[in-house]
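Some notes on the structure that comes next.
Only the coordinates and a few stated rules stand behind these numbers; no lab work does. Bear in mind that the values here come from a model prediction, so they are computed numbers and not experimental data. Neighbour counts run over all protein chains shown; Cβ positions are idealised from the backbone, glycine included.
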Amino acid sequence: MNRREFLKIATGAGAALGLPASEDTAVSSSSKMIGIQVGAISFVDEGTEKVLDVLQERACVNTLFLAVFTYGRGIAGRQIPGYPLPDHGKQEYDLNYHGGNFATPHPQYYKNTAIKPAHAPDHGNLDILAEVLPAAKKRGMKVICWMEDVFRPDLPNIEKVQERDLYGRNMETLCVNNPDYRNFFTGLVEDFARSYDIDGIMWGSERQGALSDSLGATHDTPPIDPGNVTCFCEFCQRKAKERGINVERAKQGFLELEKFVRSARSGKRPVDGHFVQFWRILLRYPELAAWEMLFTDSLRETYAALYKTVKTAKPTIPVGWHIWHNTSFNPIYRAEQDLRELSNYSDFIKVVMYNNCGGERMALYADNIGSTLYGDLSKQDLIDFNYEVMGFKERSYEQIPYTGLSADYVFRETKRTLEGVAGTNTQIWAGIDVDIPTEPNNSKRTPQSVKDAVLAAFRAGAPGVILSRKYSEMRLANLSGAGDAIRELKLSS
Ligand SMILES: [Zn+2]
């Protein structure tokens, strides 16, 4: 597919979404996309019509991002055990959560993969798309299939597709360069596109390459062990060779980096300091950066393959991606999220800009990277540096876990990402967190803070917002906070 064909399709997709074709970013448009992520469990627990009533009445939702495929509880189950249940839905944890395909897999689309297309056993024979699509359509609501690449380690054949770490050990994550992985997801999106009358597909992979992972350049706790960085499987090694990367030198480099990271985390300062020592290793082993980009390019190829598959099956279905929150914390990861490049195979991009849990997460990022690359900076100096390079103006390291990031952060991220895709047909949809769990004493959402975040996204010109991560963890009053913003801006039709 050439660039012109892409553009034609993308324009068609924008029209199909009822989105403004021009670059008009005025808030007065009534065609804004107001989305929410929701899993099958909520419809099972509360009833389909009831859930749709609540979403429309409280938050003016016009688009459902229905979690149709994942083995993770994060987007498809109830509240994470141990965190308070919200004021709706069944008041118990889904300790038996399993996951899988919450619709009905059609075997003809999975012939070229070792991964079995299993129906999620969580709700008997329920096909959540068959259940929700007609009810949503009757109300004029759109349904976008939402899926992520989270798997369980106990699935048949999964060990063949798992990533291999620096020492050749299997990891739970799957390899983007393994044909079984690529073919599974192209099969899955083709299945959804051809088997159901859906309004879009959103896919996400919250991962980065081995260099960032080794340094612990993320908000994840604990960060990945530097001996467990990926991927060094046969497919990645072959692809590396094709790109002219010396695989043995790359491995040596990561072994050196592993020593550096372990030593830094144990509190030892290299003679010339952490930052200098890191650069000494990187200059000696530029293969470290090449291996990071090997992952990023391979993920982009996956995006392009999914895009092409869906467009071939049904050109009018919009296709886009969920971009991980780490794009707000780790500048290396942000560098890899080249929005202009991504726009070649994206009708929309959901950029995570969760400001409430963002404070806790920004501080966790500082803790992680502050014990490796920036081991010579105080946490406050590190945070100040990061704010400057990332374009934020937020509170201190000590404060942000308790205050969250401000609505100004949402405004700035919306502006930045809109500028990143300016002149293309790609829509930016702002990911807003509503009650994503934070530690007990850390900042919690209020209706006002949700309202402020949604107002900020629209005032910065966003054509849409996606309330995240899932309805089953959101408190109803906070959901209404989103609706208050939309009503105030007169965006609801
Ligand atoms: Zn691999």
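Quick look at the values:
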| item | result |
| --- | --- |
| Paired Rg and Dmax values of the range 361-432, which use every Cα atom, in angstrom | 14.3, 43 |
| Loop-located trypsin sites (Lys or Arg not before Pro) in the range 185-265, at most 13 other Cβ atoms within 10 Å (DSSP) | ARG243 |
| Taking only Cα atoms of the range 199-238, radius of gyration then Dmax in Å | 13.3, 42 |
| Set of aspartates and glutamates near LYS241 by C-alpha distance (under 14 Å), chain-local residues within fewer than 8 positions excluded | GLU287 |
| Charge context of GLN208, other residues only, Cβ under 11 angstrom, K/R +1, D/E -1 | -3 |
| Debye log10 I(q)/I(0) for the chain, one point scatterer per Cα, at q = 0.13 Å⁻¹ | -1.33 |
| 10 °C / 1.306 mPa s Stokes-Einstein diffusion coefficient of the range 138-249, Kirkwood radius on C-alpha pairs, µm²/s | 99 µm²/s |
| Debye equation applied to the C-alpha atoms of the range 242-353, log10 I(q)/I(0) at 0.13, 0.18, 0.21 Å⁻¹ | -0.67, -0.99, -1.13 |
| If the convex hull is drawn through the Cα atoms of the range 195-263, its volume per residue in Å³ | 147 Å³ |
| DSSP loop GluC sites (Glu not before Pro) with at most 14 other Cβ within 10 Å: longest gap in the chain | 93-397 |
| Net +/- balance of residues flanking LEU382 in space, Cβ distance below 15 Å, scoring K and R +1, D and E -1 | -4 |
| For the chain, calculated [θ]222 nm from helices alone, where every DSSP H run of n ≥ 4 adds -39500 (n - 2.57) | -13500 deg cm²/dmol |
| At 0.890 mPa s and 25 °C, Stokes diffusion of the range 99-172 via Kirkwood alpha-carbon radius, µm² per second | 167 µm²/s |
| Alpha-carbon spread of the range 374-493, three principal axes, descending order, Å | 53, 41, 22 |
| Separation of alpha-carbon centers, the range 407-436 and the range 86-123, rounded to whole Å | 30 Å |
| Cα-centre dipole for the chain with unit charges at Cβ (Lys and Arg positive, Asp and Glu negative), debye to 20 | 800 debye |
| Most positive-pole-ward Cα, ALA67, SER266, THR417, against dipole of the chain from beta carbon charges | THR417 |
| Alpha carbon convex hull of the range 425-493, projected area averaged over orientations, nm² | 5.3 nm² |
| Calculated diffusion of the range 169-218, Stokes-Einstein form, Kirkwood radius summed over Cα pairs, 37 °C and 0.692 mPa s, µm²/s | 245 µm²/s |
